Amino acid sequence: MDVAQVIDLGREALWIGVKVAAPLLGMALIVGLLVGILQAATSIQEMTLSFIPKLAFMVLALVIFGGWQIAVMVDYFARIFERIPAMFG
């Protein structure tokens, strides 16, 4: 296994991590921004008002995108396992 293969595996792992995490992080960002605007407009500074909607929408995003996320991860690990004989053979 040479350096180019290691770099390729690392780059691909980082890209898969970004793709899998993006829907959840994007949902948290959008909801956090909307709740922050609402809190600023109403002067309500309750911490749970920020936490509970984020949690609820992240669960919703997980329900919506969870199947796709698992499919991406299964495909990635299948490709990794296919590469093992070529790496050490």
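The values are calculated or read from the model by the stated rules, or taken from the named source; none is laboratory data. All figures in this text were calculated on a predicted structure; none of them were measured in a lab. Here the Cβ is made from the backbone with ideal geometry for all residues, glycine too, and neighbour counts use every protein chain on show. Please note that ligands, DNA and RNA were not included when accessible areas were found on the heavy atoms of the full protein model with its side chains. Shrake-Rupley method; radii C 1.70, N 1.55, O 1.52, S 1.80 Å.
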Summing -39500 (n - 2.57) over every DSSP H run of at least 4 residues in the chain and dividing by its residue count gives a helix-only mean residue ellipticity at 222 nm, to the nearest 500 deg cm²/dmol, of -34000 deg cm²/dmol
Measuring from its Cα centre, the chain shows a charge dipole (+1 at each Lys and Arg Cβ, -1 at each Asp and Glu Cβ) which, in debye to the nearest 20, is 120
Quick one: pull the percent of accessible area on the chain belonging to carbon and sulfur, 1.4 Å probe, ligands and nucleic acids left out.
78
Calculate how steeply helix 3-42 sits against the longest principal axis of the alpha-carbon atoms of the chain, using the helix alpha-carbon long axis, and give the answer as 0 to 90 degrees to the nearest 10.
10
State the volume of the convex hull built on the alpha-carbon positions of the chain, expressed per residue in Å³ and rounded to an integer.
99
Accessible area in square angstrom per residue, the chain, 1.4 angstrom probe
73
Work out the FRET efficiency for residue 37 and residue 73 from their Cβ-Cβ distance, taking R0 = 25 Å, and round it to the nearest 0.05.
0.15
With the 8 Å Cα cutoff and a minimum separation of six or more residues, the chain has a relative contact order in percent of 41
Projecting the Cα atoms of 77, 36, 23 onto the charge dipole of the chain, where Lys and Arg contribute +1 and Asp and Glu -1 at Cβ, the residue farthest towards the positive end is 36
